[in-house]
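Okay, structure first, notes after.
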Amino acid sequence: MGRRGRRESRFTRAGATDAREALERRWHPRLTLERQLAAWVTAGGTRGEPFHRWTRYRQGFSPKLVRHFLRAAESMPPKPTAGPLLDPFAGSGTFTLECARRNVSALGVEALASLAFLSTVTAATDLPPLPDLADCSSWETVADRLTLPLHRAALMLAVASRHTATGKPDPQAPPLSAALDSTLAMIAEDLRVPLPRLNPVQQGDARRLKEIESASIGGVLTSPPYLSRYDYTRAQRPLEQVYAHWYADRSPNQRRSDQMAAHPGASSRRTAASPPHPSVVECVGALVAGGEEKLSVVVQAYFQDLAEVLTACRRVLRTSAPCWIVIGGARLKGVYVPADLILAEMAESHGFAVVDIHVARRLIPSGRKLGNLTNVAPRESIVVLRTE
């Protein structure tokens, strides 16, 4: 065991797991394991479906989860489809697209302007031919020839397809011309059955939802970034770079102000509006004791941001509206962070009732001891809420 591990062990022996152990004991009877959800809380199900397959976005969820949400929400009054539904972390637009395929009104909010832009072109009904690109040697020279939004979207997707899921160039990728041809063929095939409506995604901040009126939303399904050392923004850098070639004034390239703090590269300029949850205080203390001050700041900022998201969602939701939040826990440098349970208790203090907590899967197969509890591991869960 390294020096950091010894510091963490001494800290936990001193009683630093009390709050999290108590939290786990309080909520354990409310946790329900739903094995079918394991495949639905990931983006793997988007690859074979029209429109959803345009973007390889590993942080999303499956269209099947959206269908499940719509079925469940429709069975409970008031009918959420009477008003627009919302995904404040829209990402590649899985939620808004799937609602559009079912002619359900929805809207999304996304921090990255490039992803928001891609949602606007799905309303097209045909794909005009490209201009002559025979003498183009790079994506920049191709970009200079393109004026139609759908052509520009195709180039963005083609460039992104030549990178890995983490945003790094893929040495095995086909030439740009081949990637662009296959992307155009995919788009043309999907447009043969146009979407019955356009559900917009606007660039913005999920912690504010400034453009959305109070009590106007019929339901929320969303998944905020998970706490990790993974940089969500970096993975989308290829899209952002191409988008900025045309819309530099609109692109928030590398701008962190509209994004949640979820990893060490994120903005952490936060001030606590209310006392943090005891389990957050405990996690922060354990990370500081282990010499992980930077991670401790990220954890504190993350839950402060989540509190702001809950406040914003409560403001825009109608009374008795459903709010489903897909969230993952974490183990950061040996410190267990039960994000789903912390979120549940935070939601109760923000005017929500906790209906269920559906556990989709363990994020880490091996469990560890937490106080007197054994085999405890971070979970990926859906916290099912309803406004009161």
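The values are calculated or read from the model by the stated rules, or taken from the named source; none is laboratory data. Note that this is a predicted model, so its numbers are computed, not measured. Cβ coordinates were reconstructed from backbone atoms using ideal geometry, including for glycine residues, and neighbour counts include every protein chain displayed. Please note that ligands, DNA and RNA were not included when accessible areas were found on the heavy atoms of the full protein model with its side chains. Shrake-Rupley method; radii C 1.70, N 1.55, O 1.52, S 1.80 Å.
Calculate one ³J(HN,Hα) per residue across the stretch 177-193 by plugging θ = phi - 60° into the Karplus curve 6.51 cos²θ - 1.76 cosθ + 1.60, and present them in order as whole Hz with x for glycine and proline.
Residue by residue, the stretch 177-193 yields 4, 5, 5, 5, 4, 5, 5, 4, 5, 5, 4, 4, 5, 5, 6, 5, 10 Hz.
Using protein chains only and a probe of 1.4 angstrom, how many square angstrom of D249 are accessible, to the nearest 10?
Solvent-accessible area, nearest 10 Å²: 140 Å².
Length gain on complete extension for the stretch A215 to A134, per 0.36 nm per residue less the alpha carbon to alpha carbon distance?
On the way: separation 81, 0.36 × 81 = 29.16 nm, distance 5.30 nm.
Length difference between fully extended and current span is 23.9 nm.
Under a point spin-label approximation (7 Å from Cα along Cα-to-Cβ), what is the R318-R35 distance to one decimal in nm?
Rounded to a tenth, the inter-label distance reads 3.8 nm.
Can you give me the distance in nm between label points at T374 and A185, each placed 7 Å from the Cα along the Cα-to-Cβ direction?
5.6 nm
Take every Cα-Cα distance within the chain, group them into 20 Å bins from 0 onward, and report for each bin the whole-number percent of pairs it holds.
Final binned percentages: 28, 55, 17, 1.
For A321, enumerate residues with amide H under 5 Å from its amide H, sequence gap 5+ or separate chain, H modeled in the peptide plane.
T387
Just to confirm my numbers, what's the Cα centroid distance between the stretch 159-196 and the stretch 290-318 in Å?
Result: 35 Å between the Cα centres.
Past 31 Å, Cα to Cα: identify those pairs from K168/K369; K210/K333; K168/K210; K64/K369; K168/K294, in the order given. Mind dumping the intermediate values first?
Details: K168/K369 37 Å; K210/K333 36 Å; K168/K210 34 Å; K64/K369 34 Å; K168/K294 25 Å.
Checking Cα-Cα distances, K168/K369; K210/K333; K168/K210; K64/K369 exceed 31 Å.
Rank-order 61-71, 184-194, 201-211, 92-102 by packing density, defined as the average count of other C-beta atoms within 10 Å over each peptide's residues, highest first.
Details: 61-71: 21.0, 184-194: 15.3, 201-211: 19.1, 92-102: 26.0.
Highest mean packing first, the order is 92-102, 61-71, 201-211, 184-194.
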